[in-house]
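Working notes, beginning with the structure itself.
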Amino acid sequence: MSFEISISNVVQGLEPSATLTMSAKAKEIKSSGKTVYDLSLGEPDFVTPQHICNAAVEAMKAGHTKYTIASGIPELKKAVAEKYKSDYGLDYNTNQIVVSNGAKHSIHNVFFTTINAGDEVIIPAPYWVSYAELVKLSGGVPVIVQTEESNNFKMTAEQFEKNITPKTKMLLLCSPSNPTGVIYSKSELETIAEIVVRKNLFVMADEIYDKLVYGDNKFVSFPTLRSGLQERTIIINGVSKTYAMTGWRVGWTFSPVNVAKKMGELQSQETSNPCSISQYAALEALTGQQNCVTEMLVAFSERRDYVAKRISEIDGLSCPEMGGAFYAFFNIKKHLGRKIGGVVIDNSEKFCLELLMQKQVATVMGSAFGCEGYVRASFAANLEILKNAYDRIADFIGDK
Ligand code: PMP
Ligand code: GLU
C-alpha cells in the first residue's frame, strides 16, 4: 500500500517566490549551454568587498565558529544601532535589535510575532513578492491596495484610509520600493504617518534599499518623521543589498523592546543564531570603509540612467522614475493580446516566459508583485548585459 505524507493546509496554499523561480529557470537554461541575460533576481552583481571577506576569514581563525546569542552578537547590534544614529539621528538600544538570517527572515519574524489570526495588514501594490505570502503564513490577511502608475505607484492618503477597518493592525511600507524603485517624499510620508497615529496602527518599514538612492531623491527613515513614531514602527534592514552580501544571510530589525524580546525568543526556538561568521563579516561591513558602497552606487546610477533611456525608446513601454533600489517596473499593456513569435501574450507571466524562451532574457512578471500588465527587470547587472538584454527585449516587442 502506498503512503503519502500530507502537506499542511497553510503550506499547501503557499505560492513559491516568483523571483527565485524565474532565476532558477534562467539558471536551468544557462546550464544547457545557452547565454541568458538574467535580470530576474534583485541581487547586486558585485562580489562582496574584499575587506568584508577578510573579516570573515579572521573570524574563523579567531574561533568565532560556534553558537552565538540567538538574536545576534552584541558587537553587531551595537554597530547597527550606531549606524542608524549617525545616518538618521535615531536612538535605539541594542535590546531593540534582532539580527536574523537575512531580512526576509526578519520580516517573517515580525509578522509571526505581531499578527493574530484575522489581523489585516495593508500592503500597497505593486509589492515585493514575499510580503503577502508571509502575512498569510502568519495567519494574517493581506489587504492589497492597488496604486497607479500615474501616481508613480504611490498609495494616496485616501486609498490608505479607505482600506482601514477595525481589523487593520499594520501598514507595510517599502521605500525605495521593490519592485518599482519609487521613493515616497517626506511630505507624502508625513501624511501617511498622521493617519497611522490617528488610526492607532503600526508600520513595518522595509528600509533595505536606504543606501541605494539616485539623483536628487532623498531617503527618509519612517520614525524620523515625528516623535512617537518609533514606538509604532518596526524597521527592516540588512547587508544583502548595500554591501553585495546576499549569500551571507544577515538582516535585522529595529523595534520596541517587547517585540524584539519576543522575536529573539522565537528565533531561539526556530533557527538559533544567524551564521556566526556572517555576523562578523556584517560587523566589518558596517564599521569598515564605506567607499565600496559609494563605488557600487555610482555603477548602479549609471545603469539606471541607461535602462531608463532604453525603456523610453521601446514601443509602448513606460516606467516611473527609479529613484532608488535596482529595478525597472515597466508597463507592457500595449503588447498584451498580441502574438509574439507565434504565441499569444495574454498576461505578464506569458510575456516573461516567452521573453525567456525566445530571447533568453529573464525578468519577473508583474502579477507576482500584485500588478498585472507590468514586468520587473533588475538593473543589478553590468552595462554589457543590460545592452544585450534591452536589445533583445526591443527585438521581442518588435516581432511582427
Ligand atoms: N525586502 C526587500 C524589499 C527585498 O527586496 C529583499 C530582497 N531579497 C528583502 C527584503 C530580503 O533581503 P535578504 O536577502 O536580506 O533576505
Ligand atoms: N529581493 C530580491 C528580489 O526581489 C531577491 C530574491 C528574493 O529574495 O525574493 O529579487
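Results, tabulated for the structure shown:
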read-out	value
Residue that is modelled with the lowest pLDDT, among those in region 1-23 that are within 16 Å of ligand 1 (Cβ to nearest atom) and in contact with a Leu (Cβ under 7 Å, 6 or more places away or on another chain)	Thr19
Selection within region 341-395 - closer than 19 Å to Ser17 by Cβ and among the β-branched types (Val, Ile, Thr)	Thr363, Val364, Val375
Per-region count, region 246-267, residues among the β-branched types (Val, Ile, Thr), under 15 Å from Ile73 (Cβ atoms) and in a helix (DSSP H, G or I)	0
First in region 252-267 and modelled with pLDDT of 95 or more, second anywhere and of a type in the set (D, E, K, R) and surrounded by fewer than 24 Cβ atoms within 10 Å (Cβ to Cβ), Cβ under 7 Å, 6 or more apart	Pro256/Glu231
Residue, farthest from Asn152 (Cα to Cα), within region 168-220, restricted to residues that are within 15 Å of ligand 1 (Cβ to nearest atom) and among the hydroxyl-bearing types (Ser, Thr, Tyr)	Tyr209
Candidates Tyr280, Tyr243, filtered to the one that is among the aromatic types (Phe, Trp, Tyr), within 16 Å of ligand 2 (Cβ to nearest atom) and either part of a loop (DSSP other than H, G, I, E, B) or farther than 30 Å from Ser187 by Cβ (or both)	Tyr243
Among (1) surrounded by fewer than 24 Cβ atoms within 10 Å (Cβ to Cβ); (2) among the small types (Gly, Ala, Ser); (3) on the phi < 0 side of the Ramachandran plot, the one test that Gly228 misses	(3)
Test: residue in region 122-145 that is farther than 20 Å from Val196 by Cβ, away from ligand 1 (no atom under 16 Å from the Cβ), of a type in the set (Lys, Arg) and surrounded by fewer than 22 Cβ atoms within 10 Å (Cβ to Cβ)	yes
Top-ranked residue of region 139-197 - restricted to ones that are in a helix (DSSP H, G or I) and small (Gly, Ala, Ser), ranked as farthest from Tyr127 (Cα to Cα)	Ser187
Residue in region 24-31 that is small (Gly, Ala, Ser) and either at pLDDT 95 or above or outside any helix (DSSP H, G or I) (or both) present	no
Identity of the residue in region 93-121, surrounded by fewer than 23 Cβ atoms within 10 Å (Cβ to Cβ) and closer than 30 Å to Ser150 by Cα, that ends up nearest to ligand 1 (Cβ to nearest atom)	Lys104
Where Gly215 falls short, out of the listed (1) within 16 Å of ligand 2 (Cβ to nearest atom); (2) surrounded by fewer than 18 Cβ atoms within 10 Å (Cβ to Cβ); (3) assigned to a loop (DSSP other than H, G, I, E, B)	(1)
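Quick grid of which residues meet (1) under 30 Å from Ala380 (Cα atoms); (2) within 16 Å of ligand 2 (Cβ to nearest atom); (3) at pLDDT 95 or above; (4) of a type in the set (Asp, Glu):
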site	(1), (2), (3), (4)
Ala55	yes, no, yes, no
Lys61	no, no, yes, no
Ala70	no, no, yes, no
Glu75	no, no, yes, yes
Val98	yes, no, yes, no
Ala103	yes, yes, yes, no
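The values are calculated or read from the model by the stated rules, or taken from the named source; none is laboratory data. Keep in mind that what you see is a predicted model, and the values were worked out from it rather than measured. For neighbour counting, all protein chains shown are included, and Cβ atoms are generated from backbone atoms with ideal geometry for every residue, glycine included.
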